[in-house]
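The structure appears below as structure tokens.
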Amino acid sequence: QMGDVLELSRCDFTFSHETSIAFAWLNAISGTLSIAGSSTILFIILKGGREKLSRVQNRLLLAMCIIDILNSLALALSYIPSPNTTECSLGSGNFSTCTTQGFFLQL
């Protein structure tokens, strides 16, 4: 069973609970700022119509922005999609949401 493997008897982490919360907020803030920046670039390119999309560099930038938005969304969600397997876990998801977040973080 996957849950049995992840079960821990006690909280034995390097960082305190408050530090983990601070890291989660930093991930959320940086992910949100990245989404805002990539969305702005995406809007500028798409607003230019066919003229802007006819250039290869703009199409590459468009693809990079889309991938960055997906990756930044996974980063911004931070611990939320991870499963709550112990009393130390900060997540509220399950193994499927954790796997999905891992996929988007690897993009």
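The values are calculated or read from the model by the stated rules, or taken from the named source; none is laboratory data. Note that this is a predicted model, so its numbers are computed, not measured. Here the Cβ positions follow ideal geometry from the backbone for every residue, glycine too, while neighbour counts run over all protein chains shown. The area values use the complete protein model at the heavy-atom level, side chains included, leaving out ligands, DNA and RNA. Shrake-Rupley method; radii C 1.70, N 1.55, O 1.52, S 1.80 Å.
Below are the figures for this structure:
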| quantity | calculated |
| --- | --- |
| Within region 22-107, helices (runs of 4 or more DSSP H) holding 3 or more residues that are β-branched (Val, Ile, Thr) and modelled with pLDDT of 85 or more | 56-77, 95-105 |
| Enumeration of residues in region 1-21 that are assigned to a helix (DSSP H, G or I), modelled with pLDDT under 70 and either open to solvent by less than 50 Å² (accessible area, probe 1.4 Å) or of a type in the set (Asp, Glu) (or both) | 3, 4 |
| Number of the condition not met by residue 66 [criteria: (1) closer than 17 Å to residue 24 by Cα; (2) surrounded by fewer than 18 Cβ atoms within 10 Å (Cβ to Cβ)] | (1) |
| Any pair with Cβ under 7 angstrom, 6 or more apart, that starts in region 23-43 at a residue that is open to solvent by 50 Å² or more (accessible area, probe 1.4 Å) and among the aliphatic types (A, V, I, L, M) and ends at one that is at pLDDT 95 or above and in a helix (DSSP H, G or I) | 41/61; 41/65 |
